[in-house]
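**Q** Supplied in structure tokens, the structure appears directly below.
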Amino acid sequence: METEILIFRTSAVNGQDIKRIKKLFKGYSQINAWNVDLEDWEKILRIECQDMKASDVIDGLKSIKIYAAELL
């Protein structure tokens, strides 16, 4: 399968949020790599994945009280 890049604006603000995201993403075998740029004003989350929908990421993040919107 082809690797896709999904990019989101998030409400993550600190290292504690990153730890919660890390714990969540351990459950997603489709995610190859990810990072959050906390220096960017939009707190950009970049995900390298295969066969994953943006809505699945948004719903997962919402479950840990982090809000995200896909950037197209």
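**Q** Checking Phe8 against (1) part of a loop (DSSP other than H, G, I, E, B); (2) among the aromatic types (Phe, Trp, Tyr); (3) in contact (Cβ under 8 Å) with a residue 12 or more places away in the chain, which test does it fail?
**A** (1)
**Q** Report yes if Asn32 is at pLDDT 95 or above and in contact with a Ser or Thr (Cβ under 7 Å, 6 or more places away or on another chain), otherwise no. I'd like the intermediate steps shown before the answer.
**A** Numbers: at pLDDT 95 or above: yes; in contact with a Ser or Thr (Cβ under 7 Å, 6 or more places away or on another chain): yes.
Yes.
**Q** I'm checking my understanding of the structure. Among residues of region 44-65 that are β-branched (Val, Ile, Thr) and out of contact with any Lys or Arg (no Cβ under 7 Å at 6 or more places or on another chain), which one is surrounded by the fewest Cβ atoms within 10 Å (Cβ to Cβ)?
**A** Narrowing region 44-65 to residues β-branched (Val, Ile, Thr): 44, 47, 57-58, 64.
So of that shortlist, the ones also out of contact with any Lys or Arg (no Cβ under 7 Å at 6 or more places or on another chain) come out as 47, 57-58.
Numbers: Ile47: 21, Val57: 24, Ile58: 18.
Among those that are β-branched (Val, Ile, Thr) and out of contact with any Lys or Arg (no Cβ under 7 Å at 6 or more places or on another chain), it is Ile58.
**Q** OK, next. Sort out which residues of region 19-31 are more than 11 Å from Leu6 (Cα to Cα) and surrounded by 13 or more Cβ atoms within 10 Å (Cβ to Cβ), and write them in order of number. Before the answer, list the steps.
**A** Narrowing region 19-31 to residues more than 11 Å from Leu6 (Cα to Cα): 19-30.
Answer for region 19-31, where residues must be more than 11 Å from Leu6 (Cα to Cα) and surrounded by 13 or more Cβ atoms within 10 Å (Cβ to Cβ): Arg20, Ile21, Leu24, Phe25, Tyr28, Gln30.
**Q** If you don't mind, another one. Go through region 35-56 and report how many residues are assigned to a strand (DSSP E or B) and either in contact (Cβ under 8 Å) with a residue 60 or more places away in the chain or of a type outside the set (D, E, K, R) (or both).
**A** Of the residues in region 35-56, the ones assigned to a strand (DSSP E or B) are 35-37, 44-49.
Subsequent filtering for residues that are either in contact (Cβ under 8 Å) with a residue 60 or more places away in the chain or of a type outside the set (D, E, K, R) (or both) retains 35-36, 44-45, 47, 49.
Matching residues across region 35-56 total 6.
The values are calculated or read from the model by the stated rules, or taken from the named source; none is laboratory data. All values reported here derive from a predicted model rather than from experimental measurement. As a convention, Cβ positions derive from the backbone with ideal geometry for all residues, glycine included, and neighbour counts pool all protein chains shown.
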